[in-house]
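Chemist: The structure under discussion is supplied below as structure tokens; questions concerning it will follow.
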Amino acid sequence: MTRDKYRRPAPAPAGSRLTTSAMIASLAGPDQRTRPAPFGHALAELARERTDIVGVTADLAKYTDLHIFAQAHPERFFQMGMAEQVMISAAAGLAREGFTPFATTYAVFASRRAYDFIAMAIAEENLDVKVVCALPGLTTGYGPSHQATEDIAIFRGMPNLTIIDPCDAHEIEQAVPAIAAHRGPVYMRLLRGNVPLCLDEYGYRFELGKAQLIRDGQDALIVSSGFMTMRALEAAEALRADKLEVGVLHVPTIKPLDEAAILREAGRTGRMVIVAENHSIVGGLGEAVAGLLMRSDVRPAAFRQIALPDMFLDAGALPTLHDRYGISTEAMTRRVRDWLGERAAAAT
Amino acid sequence: MAGPQPGLPASGQDEQTPPDGAGPPGGAGHNVPLHERAYRIRRNALRMGEVQGQGYIAQALGVADVLAVSYFHAMRYRPEEPEWEGRDRFLLSIGHYAIALYAALIEAGILPEDEIETYGTDDSRLPMSGMASYTPGMEITGGSLGQGLGIAVGMCLGLKCKRSGSFVYCLFSDGECDEGSVWEAAMSAGSWKLDNLVGIVDVNNMQADGPSTAVLNFEPLGAKFEAFGWHVERVDGNDLEALVAAFDRARRLAEPKPRIVICDTRMGKGVPFLEARERNHFLRVEPEEWSRAREALDAGRLA
């Protein structure tokens with residue numbers, strides 16, 4: 001086969017470049033507060049009372065923080081090997097026998113490889129299986145094989161499935177008992193390792209299915225999920241220097257959407273609505289919110305999306321890539337400032 | 001098509017009649033012995049690991065002998081023309097072994113040596129996981145394990161349709177055999193009697209969560225492939241003579257069946273203090289250890 005060209009030209013003589021952050025990269029900045037393995041610790045803790053909870057993984061216990069659970073409850077941990085399909089089928093089998101499995105792998109493998117198995121063995125039967133996946137969206141610089149840029153787009157089409165995208169360690173800890181208590185299948189996007197702490201400062205409590213206004217502002221409303229809420233809060237703070245007041249509505253439950261909260265906040269007159277997500281611009285929270293607003297005849301002053309482009313992304317260092325694709329705090333701040341500036345200029 | 005067609009042409013004629021323009025295997029320096037090739041592959045890999053301060057270096061050191069025999073004994077290709085139609089194809093299903101394959105591609109003259117400094121950096125042609133769209137000589141995008149062998153099946157079928165005598169070599173790993181798709185491909189290759197396919201399995205008995213036999217017992221691996229209709233060779237993957245013999249038998253076999261060379265390798269091979277380190281999927285090497293590793297490798301270099 002002949003290709004027109006490779007993605008990259010042969011390199012120019014070496015300069016100083018960032019090295020990649022490889023498979024595992026922390027989202028935390030140098031001075032940021034973090035907590036280690038919040039999912040693993042929360043699940044191990046919960047499983048002391050909930051004896052029905054079991055853990056299964058596809059050769060990624062250490063990389064999804066499930067090893068914490070495995071160490072605490074070895075008799076309830078099943079290493080299924082690097083075999084996502086049978087892991088999901090087996091989780092369905094365990095659920096049929098009355099257990100509540102937490103199944104972990106990377107988001108690419110659950111969404112791209114195991115989809116049919118999740119659909120038919122779990123979702124169609126509305127079984128209590130929680131699929132918890134690391135490396136959602138662009139959280140590794142390793143390249144498209146591990147960047148789950150479209151996992152929400154894939155899973156949003158699955159009936160019965162609840163989808164959540166927590167922001168930080170604080171929220172993950174609270175989400176674990178909440179999804180365990182929920183009847184039915186859940187897909188959770190997982191941040192693992194040393195996970196940033198952010199929402200505890202706002203007195204935030206996670207509620208499954210609820211969007212919450214973390215910060216108010218009259219000029220624009222950022223609707224966001226996952227760690228993009230942390231970045232939206234940072235951007236909103238930065239934009240105060242421009243005399244811009246930006247609100248942040250955190251939507252950790254992507255499906256089912258908290259339609260009432262979104263319509264209430266997006267319906268306030270005069271505000272631009274910007275949906276920010278660590279996901280492809282296709283099929284994620286942005287399109288979900290846009291569809292809801294259109295269906296409901298709610299028309300914000302303007303509607304914009306901050307999301308990953310519809311393409312297979314580059315490999316490289318995570319900070320480089322977040323900047324390149326517009327989801328770093330700085331890139332986001334610039335774009336929101338520009339959008340609001342353009343609107344102000346057009347209005348005069 | 002209604003299932004396997006016994007009428008597909010057999011391959012392997014090229015043993016007698018090399019295609020026009022096929023040079024001897026390998027790039028620069030026709031008389032370089034294989035142990036020197038393997039040494040240089042290891043050294044290239046160590047230099048790349050040093051650039052990044054990390055990498056799947058233990059796997060690269062382990063598989064270097066297998067790559068030396070593949071690129072400097074078994075396969076036919078043109079270094080200056082990596083997409084030459086008559087080449088044997090080498091598919092790297094295990095994308096994280098890219099550091100090892102780049103090291104071999106550099107030694108083969110397919111990639112320039114000065115790109116070592118760019119390994120894994122932003123905008124490099126040598127990303128940490130091997131991708132066809134980035135790197136000359138990288139035939140497929142690996143990294144989502146369990147896909148390479150199926151692609152190999154399709155390429156073998158395509159080569160047969162084209163009446164090509166080229167072989168497809170596909171490198172995958174013991175842990176990868178956990179994936180059901182490997183066995184779909186294995187059954188397919190056996191059913192199609194793909195005698196132009198040479199599978200290579202790197203068995204180092206280590207995967208992400210621990211020793212492969214403990215994570216999900218894949219043994220007896222040879223008997224499994226045999227049962228799927230394959231010709232099986234199993235060798236010490238760090239014994240160059242044994243590898244050469246096994247690759248030769250695999251290529252020259254007259255029987256119309258796919259062939260597999262199962263290679264038991266030692267992670268970190270060639271650098272004794274890394275060989276001795278507690279085994280881990282992603283081996284940590286401290287910044288000051290890279291130069292020590294190079295020295296240790298140099299010390300073991302055969303004259």
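Chemist: Taking the stated definitions as given, is residue A:75 under 22 Å from residue A:181 (Cβ atoms), of a type outside the set (Gly, Ala, Ser) and away from chain B (no Cβ under 12 Å)?
Modeler: Criteria not met by residue A:75.
Chemist: With the range A:154-219 as the region, which strands (runs of 3 or more DSSP E) entirely inside it contain at least 2 residues that are farther than 24 Å from residue A:268 by Cβ and in contact (Cβ under 8 Å) with a residue 60 or more places away in the chain?
Modeler: So the answer is A:162-164, A:186-190, A:194-196.
Chemist: If you don't mind, another one. Given (1) more than 7 Å from chain A (Cβ to nearest Cβ); (2) closer than 26 Å to residue A:140 by Cα; (3) out of contact with any Lys or Arg (no Cβ under 9 Å at 6 or more places or on another chain), identify the lone condition not met by residue B:128.
Modeler: (1)
Chemist: Moving to a separate point now. Test of understanding: among B:202, B:195, B:122, B:114, which residue is more than 22 Å from residue B:78 (Cβ to Cβ), charged (D, E, K, R) and within 13 Å of chain A (Cβ to nearest Cβ)?
Modeler: On inspection, the qualifying residue turns out to be B:122.
Chemist: Moving to a separate point now. Could you list, in sequence order, all residues of the range A:139-152 that are hydrophobic (A, V, I, L, M, F, W, C) and more than 14 Å from every other protein chain (Cβ to nearest Cβ)?
Modeler: If the condition is that a residue be hydrophobic (A, V, I, L, M, F, W, C) and more than 14 Å from every other protein chain (Cβ to nearest Cβ), then A:152 is the only one that fits.
Chemist: Return yes when residue B:254 is over 30 Å from residue A:77 (Cα atoms), modelled with pLDDT of 95 or more and in a helix (DSSP H, G or I) and no when it is not.
Modeler: Spelling it out, it is not the case that residue B:254 is over 30 Å from residue A:77 (Cα atoms), modelled with pLDDT of 95 or more and in a helix (DSSP H, G or I).
Chemist: Another question about this same structure. What residue, among those in the range B:102-111 that are in a loop (DSSP other than H, G, I, E, B) and away from every other protein chain (no Cβ under 13 Å), is surrounded by the most Cβ atoms within 10 Å (Cβ to Cβ)?
Modeler: So, considering only residues that are in a loop (DSSP other than H, G, I, E, B) and away from every other protein chain (no Cβ under 13 Å), the one surrounded by the most Cβ atoms within 10 Å (Cβ to Cβ) is B:108.
Chemist: Taking the range A:222-265 as the region of interest, how many residues are in contact with a Phe, Trp or Tyr (Cβ under 9 Å, 6 or more places away or on another chain) and hydrophobic (A, V, I, L, M, F, W, C)?
Modeler: So the answer is 2.
Chemist: Filter the range B:156-192 down to residues that are under 16 Å from residue A:83 (Cα atoms) and either among the hydroxyl-bearing types (Ser, Thr, Tyr) or within 14 Å of chain A (Cβ to nearest Cβ) (or both), then give me how many there are.
Modeler: Of the residues in the range B:156-192, 13 are under 16 Å from residue A:83 (Cα atoms) and either among the hydroxyl-bearing types (Ser, Thr, Tyr) or within 14 Å of chain A (Cβ to nearest Cβ) (or both).
Chemist: Another one. Which of the residues spanning the range A:35-69 are within 9 Å of another protein chain (Cβ to nearest Cβ) and assigned to a helix (DSSP H, G or I)?
Modeler: Correct list: A:67 only.
Chemist: Quick check on my filter: what residues within the range B:231-251 are in contact with a helix residue (DSSP H, G or I) (Cβ under 6 Å, 6 or more places away or on another chain) and part of a loop (DSSP other than H, G, I, E, B)?
Modeler: Of everything in the range B:231-251, those that are in contact with a helix residue (DSSP H, G or I) (Cβ under 6 Å, 6 or more places away or on another chain) and part of a loop (DSSP other than H, G, I, E, B) turn out to be B:237, B:238.
Residue-by-condition table, conditions (1) under 12 Å from residue B:128 (Cβ atoms); (2) in a loop (DSSP other than H, G, I, E, B):
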position: B:48; (1), (2): yes, no
position: B:51; (1), (2): yes, no
position: B:76; (1), (2): no, yes
position: B:91; (1), (2): no, no
position: B:96; (1), (2): yes, no
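The values are calculated or read from the model by the stated rules, or taken from the named source; none is laboratory data. All of these numbers come straight from a predicted model, not from anything done at the bench. Positions of Cβ are backbone-derived with ideal geometry, glycine not excepted, and every protein chain shown enters the neighbour counts.
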